[in-house]
1. Hand me the list of helices (runs of 4 or more DSSP H) wholly inside segment A:200-315 holding 2 or more residues that are modelled with pLDDT of 85 or more and more than 30 Å from A:E133 (Cα to Cα).
2. Filter segment A:15-38 down to the residues that are at the interface with another protein chain (Cβ under 10 Å from one of its Cβ atoms) and touching a helix residue (DSSP H, G or I) at 6+ places or on another chain (Cβ under 8 Å), then identify the one that is surrounded by the most Cβ atoms within 10 Å (Cβ to Cβ).
3. Being at the interface with chain A (Cβ under 9 Å from one of its Cβ atoms) and touching a residue at least 12 places away in the same chain (Cβ under 8 Å) is the filter here; which residues of segment B:97-112 pass it?
4. Show the residue pairs that are 6+ apart or on different chains and have beta-carbon atoms under 7 Å apart, the first residue being within segment B:12-23 and in contact (Cβ under 8 Å) with a residue 12 or more places away in the chain and among the basic types (K, R), the second being part of a strand (DSSP E or B) and surrounded by 15 or more Cβ atoms within 10 Å (Cβ to Cβ).
5. Looking at segment A:117-142 only, could you name the residues that are closer than 18 Å to A:P105 by Cα, in a strand (DSSP E or B) and either outside the structural domain of A:T202 (by TED's automatic domain parsing) or not hydroxyl-bearing (S, T, Y) (or both)?
6. Enumerate the pairs (first residue in segment A:253-274 and under 21 Å from A:E236 (Cβ atoms); second residue anywhere and surrounded by fewer than 19 Cβ atoms within 10 Å (Cβ to Cβ) and among the polar types (S, T, N, Q)) with beta-carbon separation below 6 Å, excluding pairs fewer than 6 apart on the same chain, so at least 6 apart or on different chains.
7. Applying the selection to segment A:350-398, what residues are open to solvent by less than 40 Å² (accessible area, probe 1.4 Å), out of contact with any Ser or Thr (no Cβ under 9 Å at 6 or more places or on another chain) and within 30 Å of B:L102 (Cβ to Cβ)?
8. State all residues of segment A:255-299 that are of a type in the set (S, T, Y) and out of contact with any helix residue (DSSP H, G or I) (no Cβ under 6 Å at 6 or more places or on another chain); if no residue qualifies, say none.
Amino acid sequence: MRLPDLIRFARDAAGGAPLRTGLLVLAMSIGVAAVVILTALGDGARRYVMNEFSSLGSNLVIVLPGRSQTGGFNPGNAVTSTPRDLTIADAQALLRAPAVRRLAPLVVGTSEISFGGRLRQVMVAGTTAEYIEVRSLKLAQGRFLAHGDWGRGVAEAVIGARIRDELFGVEPALGRLVRIGDRRFRVVGVMAASGQGLGMNTDELVIVPAALAQAMFNTNTLFRILVEATGREAIEPAKRQIAEIVRLRHDGEEDVTVITQDAVLATFDRLLGTLTLGVAGIAAISLAVAGILVMNVMLVSVTQRTAEIGLLKALGASAGTIRTAFLAEAAMLSLAGALLGYGLGQAGAAIIRQLYPAFPAWPPDWAVIAGLATALLTGILFGVLPARRAARLDPVQALSRR
Amino acid sequence: MTAAASAPLIALAGIERVFRLGDSEVHALRRVDIDIAAGEYVAIMGPSGSGKSTLLNLLGLLDRPDAGTYRLAGRDVTTLSADEQARVRSERIGFVFQSFHLVPRLSAAENIALPMTLAGIAPAERAARVAQALRDYGLENRADHRPDQLSGGQRQRVAIARATIMQPAVILADEPTGNLDRATGDEVVRLLETLNAQGVTLIVVTHDAALGGRARRQLRMEDGSLQHDSARA
Ligand SMILES: Nc1ncnc2c1ncn2[C@@H]1O[C@H](COP(=O)(O)OP(=O)(O)OP(=O)(O)O)[C@@H](O)[C@H]1O
Ligand SMILES: [Mg+2]
């Protein structure tokens, strides 16, 4: 049989049982769509996190109180009990390290902000003037915290775009006095809207001087010190120098963890990459299920077309021709299902991107290719048994059946 | 028996066919010897269950005998592999069935073309031969109709066109008029006889004595044995 004839024959045979064919194509397409959408979600999450961390700032080294045993970054022990306070004085001492360009201490807590009778819960970040440069952030209005003595601080606040909108609406915010906790702060600046942000979204953040935040939350310790190294190659020296300075200041004890952005990125990359793979595996199970469906549908097809198979044999078709015809049909149905599923999956991913513009839900190429290939392969693999059964039918008995 | 100058087209010698159903055995064919020359018109008759269809299936290489040899055009075809037998069916044998056996989803033209499609004949050649066949069998304006849109007689004409499209040496027909009324049946028989007149060997299984009587040679089966052969009477 010629290839175009084979394809037409298989197509007509599939078209002859639209319900059966439709169900099969649907099952296969759901499997492939699941692979595409789930991996788009998984890989989207990975890219999203990567983006977020990259946007933290460049050549960033992060110091956190408490010792992490593994040395690598582990979200589980990122928050550990602190044996010794990591203080503003420690932060200032780090400026002596030659590989450090600038740094900003960070104190974090939640409080309430109120203005003109409006009140809301906010995340408060206590830091210094350097913070905006270390994190490469942008201002929308006014100015950032003033330079000055890190141990004191003026009662000034820089607020996030969202806070501004909620508290002030269309009124001007600059120069107004707001109450944060039980203190009054003057609003000196508004951060540019970022639309996204991991952990600490500046849109809903209120930034005040570190010393005032420490007083507000009644603590001496810092949440983090964000250090910017002098260059990419200075990251490792900066890490060593920071550890050494803190060790000397803390009586020889290594009670802080120094991590680099690269380490964080690598860990998240690995973690979320594995997640995507796992999700793809789960989705692939639905493809296997679709494969079993292909087999059953084709077996039913063989049974229902027994007389036709007998006829084809009587008309001179060899067992090989009949096998090929049934395999071609299984392959075509799988291919149609795979392509439909690919379209559905891409559409689904596009809808997710539409709904959550910040979330890069693009299915990775490897997942798409693997999904399509698995669909075709399972379709053909599970088509072999029915095709062989068809080819082995005894023509006399097949013909006598109607 | 007249001495045949050349070897017969079909030569069956000592053919046995036994069906085993559990413990019981059914001798569908017992020591059947038949020679049929090229161009003959043979009717196979006999009561129900006498082995007529079994014999026809063997002649059409759809079934294998348990003993005996079958030579087709001088070549022993009983020992051929399944694929080689398929080739022989494709090139030399045309079937016409009582229940037509058309593929329901294919048009009349596609049904007629099916043996050529299976054999891998080029589309242009196929189209030409199908067009000729449609004309020959008066089906020109039925080419695109599917079997369920055709009358019984038209269906059997499509089936005959399909059986002849590969220009086989032998046409095997099992009760070709069994599902047709007398007038349409006669029309179908005349078509088959025209083919025979053109040199095709025609072997028809029938219950109908009148139809059997039109053949130049009658074979009478009984309980799996060849009871009577008008050529040897
Ligand atoms: N596949 C089979 N398995 C078992 N027995 C069979 C099989 N095919 C045929 N037979 C038996 O072989 C015998 C001959 O059957 P066959 O079909 O050749 O009869 P027939 O002469 O064509 O009858 P009819 O005129 O009713 O078509 C019957 O007894 C039948 O029951
Ligand atoms: Mg019969």
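1. A:261-304, A:306-314
2. It comes out as A:A17.
3. B:F97, B:S99, B:H101, B:L102, B:V103, B:P104, B:R105, B:L106
4. B:R17/B:A28; B:R17/B:L29
5. Residues of segment A:117-142 that are closer than 18 Å to A:P105 by Cα, as a first pass: A:123-137.
From what's left, in a strand (DSSP E or B): A:123-127.
Scanning segment A:117-142 gives A:M123, A:V124, A:A125, A:G126.
6. Short answer, once both residue conditions are applied: A:T257/A:S68.
7. If the condition is that a residue be open to solvent by less than 40 Å² (accessible area, probe 1.4 Å), out of contact with any Ser or Thr (no Cβ under 9 Å at 6 or more places or on another chain) and within 30 Å of B:L102 (Cβ to Cβ), then A:P395 is the only one that fits.
8. Going through segment A:255-299, the residues of a type in the set (S, T, Y) turn out to be A:257, A:260, A:267, A:274, A:276, A:286.
Hits for segment A:255-299 are A:T257, A:T267, A:T274.
The values are calculated or read from the model by the stated rules, or taken from the named source; none is laboratory data. Just so it is clear, the structure is predicted and the values come from calculations on it, not from any experiment. Please note: Cβ atoms are built from the backbone with ideal geometry, for glycine as well, and neighbour counts cover all protein chains shown. Note: accessible area is taken over every heavy atom of the protein model, side chains too, but ligands, DNA and RNA are not part of it. Shrake-Rupley method; radii C 1.70, N 1.55, O 1.52, S 1.80 Å.
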